[in-house]
Each structure stands twice: as structure tokens, then as C-alpha cells.
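Colleague: My questions will all concern the structure given below.
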Amino acid sequence: WLFALPTPIAAPILARPRLASAATGAPAAALLCYAPRLVGYSVVKLVSPAFYAMGSSRIPVMASATSVAFNIAANLTLVRVLGHQGLALGTASAALLNGGLLLWFLRVRLGGLEGRRLLIAVVKISVASLAMAFVAYHVERLLGVPFPGGALTARVLRVFGAIGAGLLALGLAAYALRIEEFRQLTRHVSTSA
């Protein structure tokens, strides 16, 4: 959603009568640059506990310290070239570096991570995510017909309609691609309901 709908997501948050519609451009651009951070953040949240469980708390701390140093250097460099977008991109890059380092160290520590299976899962999830982004982008545009204009209510309806359609597309694509993590999630939801 952050890649497909940066302006529609930022616009309702910043919708104030005193703000011009152009004022959402800068936050939307920053949101787009921050989006890759979610991948790195997710990897860190999933992989860090594995090191703590193995009694190797030093590795996540070292990876985090390295990414913080990289973040400072990247931000100082990119802000000169890209302005506020550079700060967002530097932060996102540091999160990806942190996640990448942790995956690499975990692979070394365990002697492998079932790379082929992980690659297949990443490709399938990426395809499903692209389907979600495609549907969300186009549904938001289509909802401009029944909900036109820049009023807050119309913007919110378009964004939430697009997000809902994107979720449906993600679920259908995940089902069609037989993504195991999606099946586990649906089993978990059905058993706890």
C-alpha cells in the first residue's frame, strides 16, 4: 500500500482546510522512501529472537550498531542530495542492512537456511504483494468516480476501499500461489475463532 498509494494515504492524514493539496507531496514522497524499511524491520523482528534463543545476543547488538552507523552516514549523505526523502531512504536502507546482516549471520550459524524454499516463498509473496498493489492503486482511482473531490470523507473512503480491495487481492493471490504462510495464518484464524 505504501508503494501503491503514498499520496492517497498521506492526504487524509494531512487534510486541513489551511493546507494546500500540494502540501501532501512531501510527506507522500517520504512515505514512499520509508516503505522498504518495513521489510528490514520485519526481518529483524523475526530473526533477532533466534539469536537470543541460541544465547548469541552479541550478534544482534553488533548488527544493530553497524546499521546505526550506516544510518548516520547515509542520512548525512542522502539529505544533501534528496532532502527529507534522503533521510527516509537512509533510514530504510539501514533497516534493510540490519535485517540482511542478521540473516547472513543466522545462515552462517545454522549452516544454511533452506535458501531454495525461502527464495520460492519470497518470490510468491512478492507476486501476491504486487497483485495487491496493482489492485489497490487502480481501485483508488476507480473510487474517484463515486467519491470525487478532495473532501476528507471522500479521500478516506477511497483509501479504505482501495486497501480493502488490495487485501482481497492479496488473499486470493496467496491462495492461488499456495503460499504456505498464508495457509498457516488462515488455519490459525479459523481455529482461534
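The values are calculated or read from the model by the stated rules, or taken from the named source; none is laboratory data. The model shown is predicted, which means the values in this text are computed figures rather than measured ones. Positions of Cβ are generated from backbone atoms using ideal geometry, with glycine treated the same way; all protein chains shown enter the neighbour counts. Protein only, heavy atoms only, side chains kept; ligands, DNA and RNA dropped before computing areas. Shrake-Rupley method; radii C 1.70, N 1.55, O 1.52, S 1.80 Å.
Colleague: Order 124, 45, most accessible first, counting only protein heavy atoms with a 1.4 angstrom probe. Walk me through the numbers on the way to the answer.
Modeller: Values: 124 65, 45 120 Å².
The ordering from most to least exposed comes out as 45, 124.
Colleague: Tell me the carbon and sulfur percent of the accessible area for the chain, rounded to whole percent, probe radius 1.4 Å. Kindly include the intermediate steps, with their values, before the conclusion.
Modeller: On the way: 8400 of 11960 Å².
Answer for the chain is 70 percent, counting heavy atoms of protein chains only.
Colleague: For region 52-193, build the charge dipole from Cβ charges (+1 Lys, Arg; -1 Asp, Glu) around the Cα centre, then report which of 112, 61, 130 sits farthest towards its positive end.
Modeller: 112
Colleague: On to the next question. Mean-square fluctuation check for the chain, GNM, Cα pairs under 10 Å: which of 53, 88, 30 is largest?
Modeller: Looking only at 53, 88, 30, the biggest GNM fluctuation is shown by 53.
Colleague: Per residue of region 80-90, in order, report the coupling 6.51 cos²θ - 1.76 cosθ + 1.60 (Karplus, θ = phi - 60°) as ³J(HN,Hα) in whole Hz, putting x for Gly and Pro.
Modeller: 5, 8, 10, x, 4, 5, x, 4, 5, 5, x
Colleague: Calculate, for residue 126 and residue 76, the FRET efficiency according to 1/(1 + (r/R0)^6) with r their C-beta to C-beta distance and R0 35 Å; round to the nearest 0.05. Display every interim value, and only then the final one.
Modeller: Working: r = 32 Å, r/R0 = 0.90.
The calculated FRET efficiency here is 0.65.
Colleague: Which one is right for this structure if percent of Cα pairs over 25 Å apart is calculated from it: (1) 46; (2) 36; (3) 52?
Modeller: (3)
Colleague: Same structure again: Report the extension gain between residue 57 and residue 3 in nm, rounded to one decimal, defined as 0.36 nm multiplied by the number of residues separating them, less their alpha carbon distance. Provide the component values of the computation, followed by the final result.
Modeller: Numbers: separation 54, 0.36 × 54 = 19.44 nm, distance 3.36 nm.
Separation in residues times 0.36 nm, less the Cα-Cα distance, equals 16.1 nm.
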